[in-house]
Each structure stands twice: as structure tokens, then as C-alpha cells.
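Everything on this sheet refers to the single structure shown next.
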Amino acid sequence: MQLIYQTKELNELCLRLSKKDFVAVDLEFIREKTYYPILCLIQIASTDEAAIIDPLAPDLDFGKFFELMQNQKVVKVFHSCRQDVEILYNMSGKVPTPLFDTQIAAMVCGFGESVGYERLVKAVLNIELDKTDCLSNWQLRPLNEHQLEYACGDVTHLVNLYQYFKQKLEEENRADWIKEELATATDVKTYQVDPQEIWQKIKFRSHNSKVLSNLRDLAAWREHRAQEKNTPRQSIIKDDILTMIATAAPKNKEELEKIRGMRKDVASGKLGEEMVEVLKKVKVDNKIAKKQSVEDINFIPSLVELFKLLLKIVSQQQNVVPRLIASDLDLHRLGAFQDKGNPVLEGWRKKVFGQKALKLRQGQLSIRYNPKNKRIEFLEQ
């Protein structure tokens, strides 16, 4: 294990790794008190070496490292890549590519939904990880030997996991099954935050266009403020308070102060003034209610329930996570006869599920339990 504090050492490491077929990458960061994560460590490994890069070291130039992340001849291997890739994207403006995610591969290979790294290492490599340092404050210096060994293990085991899943996907002819998920992971839009769309992540349901328009603009205001101050959005105004403000639509600070849960000092201060001003400028979008979750739309519920049953059976037969085959939105669209562009009617998904779903919808397929062999069977008419 090599510790990298200087640009020269980092450049030499990246030159060696650029000659490999793949590298395993993991990041340690903290983000509890900031909007943007604070990167504390970068761990990287190949089949014959591992290193820990200290991004907090002064004057460290990441130019060659970012070149490695864009090297098309070297696969970058992560586990549950979303947050790590988001940090690298924010640092460089580019997403590492090509990319492989062992968590996605594990879903295809029957290890369940969003399987954790610790469980995967145990299941595949039969190694028990010591997680006593998983909640370390990685920003503190110096780090002790035990912390560094723990951090390094996150990539040395990842090397072996990648080799295992790469072979397993090829043996089961499922390499194409993860392409769509990986395409999402490498799409820059995945990591770009649009403040005007952030309201859709708030758990709130309404068909009132005025209320939803208020929520949209309040959430966008909060997001801009969180970014500018580099503070968590919830530390400005919590979601539940924001939805009550959107619903009540107070016209002044006095009305804002009467909202349940609203602190008087917040309502009467700068934040309260800004929120009232935001509400005054809201332009109602009469189509905004259509952007609500498809779960709120009454799409032939009984047929969709049959699709869900079929999906559960097929996913068990294929030993794959159901959502990798079809999402709730895909099933609802199928139930509403909205077939164009539906992923379940394309590629491998159509072969394992889509064709059966179409026959079920046409009344040409039935599902029954066979008590003789104790199995679920499909009967085609």
C-alpha cells in the first residue's frame, strides 16, 4: 500500500495504472454538515498494487488522475458508484468512463437489491470485513494504520469482486443486462442538479397546480441557497415545513409565522422574507400536476397487479432483482397500453418478461400452480 501526498508520486502511479485493463476505485468523504461532500481519501488498486491518495494534501495536482479516469482503455470499477462518481464529476466536470459497478452486477447475478459491499465480500470471497473504522472522521489527520488498512481493503477486495462478476456475467451471457444501468451511471445528467426539478424528490402528493408550483419555486430557492452557503438543504428549511408553506401560501411574515412548526426567528428573519418574496413571484404551471408520480394515476389497477405477479415469478426464475427487469412506471405504462419506448418491450427484457406480459394482457397467457411438481407454470392459449 502506497500513500500519495505529492503530485510527482500521483503522476507516476497514474502512468503505471494507465497500462492496466481495469482499476478499482473508492472514495472516503463526509457530507453531514455541507451541501457538497468533502473528499478525504481516494483509494485505487490494480491486480498488483494499491494506493491511497490524500486529496487534502497541499498543492496536489489531479490532472493525471483525471486523465486516467477518462482513459477508454481502462475500466474504472466501483461499488455503488453514485456518490463517488458525483464527487469526481463535481471536481473535474467529467464522469469516469468506461465504468463498472459491482453492486449493479450483483443484482443481475442474484445477490438481491442494493447489496452492500461487506455482504458481497463475505458471499463471494468468504472474507469477514472489520467495519470498526467505517464511521471514522476521514478528515482528521494523521490517520492511523488501522484506518488506512480498512480504506485500502475497500479497493483490494473490489479487484477480486470485479474479476468474479466479469467472468460470471460472461458465463451466464448477461453482460448486456447491465448496460442500461451503467449507461445511467455514466450519464452526466445523473449528477446535474436542476433546482427547478428538485421538488419532485420531496414526499408530497397534491393535484393542486398552485400548491405544486409554490413547492417547485420554494424548493428551487432552498437548493440555490444551500449551494451558495454549502450547507445541507434540510438545515435551511425541512421538507415537511416547506410543504406546509407551499400549501398555506402566506402573503407576509405574520402569516408565515402562524404555520405549524415554523420558528418565529426564521419567519421574521432573512429566510422568512425571502420565502414570502418567492411566493409572490410564483407563476402557476397548470400542467405541473402531471409530473407527479405515476403511482397517483389510476392505470387499470388489476392488470398492473397481474404484471407485478408475473414480474415476481419471472425475476425469481431468472434469479435477478425485479426492478432491473421493470420499474413500476414500466408496468403502469404497459397497463395503460403505452408500449412505445417501454424498456420491457426491448432487448433482453422483452425476451425474459415483455413477451409474456403482452400475452397476459391479450388473454393468451395464464398463471397457475401445479400441485404435482409444486411449481408455478405459464399456460399459453
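Data overview
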| quantity | calculated |
| --- | --- |
| Residue within the range 135-145 that is outside any helix (DSSP H, G or I), over 22 Å from G63 (Cα atoms) and in contact with a Phe, Trp or Tyr (Cβ under 6 Å, 6 or more places away or on another chain) present | no |
| Close pairs from the range 227-256: first under 20 Å from S206 (Cα atoms), partner buried (at least 16 other Cβ atoms within 10 Å of the Cβ) and of a type in the set (F, W, Y), Cβ under 7 Å, at least 6 apart | T243/F204 |
| Residue check, K8 farther than 17 Å from L161 by Cβ and either among the hydrophobic types (A, V, I, L, M, F, W, C) or in a loop (DSSP other than H, G, I, E, B) (or both) | no |
| Some residue of the range 279-301 being free of Cβ contacts under 8 Å to residues at least 24 places away in the same chain, small (G, A, S) and in a helix (DSSP H, G or I) | no |
| Every pair of residues 6+ apart whose Cβ atoms lie under 6 Å, when the first sits in the range 346-369 and is under 14 Å from Q318 (Cβ atoms) and touching a residue at least 60 places away in the same chain (Cβ under 8 Å) while the second is crowded, with 16+ Cβ neighbours inside 10 Å and aromatic (F, W, Y) | W348/W177 |
| Residue match in the range 47-63 (condition: touching a strand residue (DSSP E or B) at 6+ places or on another chain (Cβ under 7 Å) and either within 26 Å of V320 (Cβ to Cβ) or polar (S, T, N, Q) (or both)) | no |
| Qualifying residue in the range 30-41 (condition: crowded, with 19+ Cβ neighbours inside 10 Å, touching a residue at least 12 places away in the same chain (Cβ under 8 Å) and among the aliphatic types (A, V, I, L, M)) | yes |
| Matching residues, the range 198-253, being over 18 Å from L279 (Cα atoms) and in contact with a Lys or Arg (Cβ under 6 Å, 6 or more places away or on another chain) | A226, R233 |
| Test: D101 is touching a residue at least 40 places away in the same chain (Cβ under 8 Å), charged (D, E, K, R), buried (at least 18 other Cβ atoms within 10 Å of the Cβ) and assigned by TED's automatic domain parsing to the domain that holds Q139 | yes |
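Here's the yes/no breakdown for (1) in the same structural domain as T34 (by TED's automatic domain parsing); (2) out of contact with any Asp or Glu (no Cβ under 7 Å at 6 or more places or on another chain):
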{"site": "L169", "(1), (2)": "yes, yes"}
{"site": "E172", "(1), (2)": "yes, yes"}
{"site": "L182", "(1), (2)": "yes, no"}
{"site": "F204", "(1), (2)": "no, yes"}
{"site": "N208", "(1), (2)": "no, yes"}
{"site": "L212", "(1), (2)": "no, yes"}
{"site": "W221", "(1), (2)": "no, no"}
{"site": "T231", "(1), (2)": "no, yes"}
{"site": "I237", "(1), (2)": "no, yes"}
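For (1) among the hydroxyl-bearing types (S, T, Y); (2) in contact with a Lys or Arg (Cβ under 8 Å, 6 or more places away or on another chain); (3) surrounded by 12 or more Cβ atoms within 10 Å (Cβ to Cβ); (4) in a strand (DSSP E or B), each residue gets a yes or a no:
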| residue | (1), (2), (3), (4) |
| --- | --- |
| R323 | no, no, yes, no |
| H332 | no, no, yes, no |
| K340 | no, no, no, no |
| F353 | no, no, yes, no |
| A357 | no, no, yes, no |
| G363 | no, no, no, no |
| S366 | yes, no, yes, yes |
| I376 | no, yes, yes, yes |
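The values are calculated or read from the model by the stated rules, or taken from the named source; none is laboratory data. Computed from a prediction, not measured in an experiment: that's the story for all the values here. As a convention, Cβ positions derive from the backbone with ideal geometry for all residues, glycine included, and neighbour counts pool all protein chains shown.
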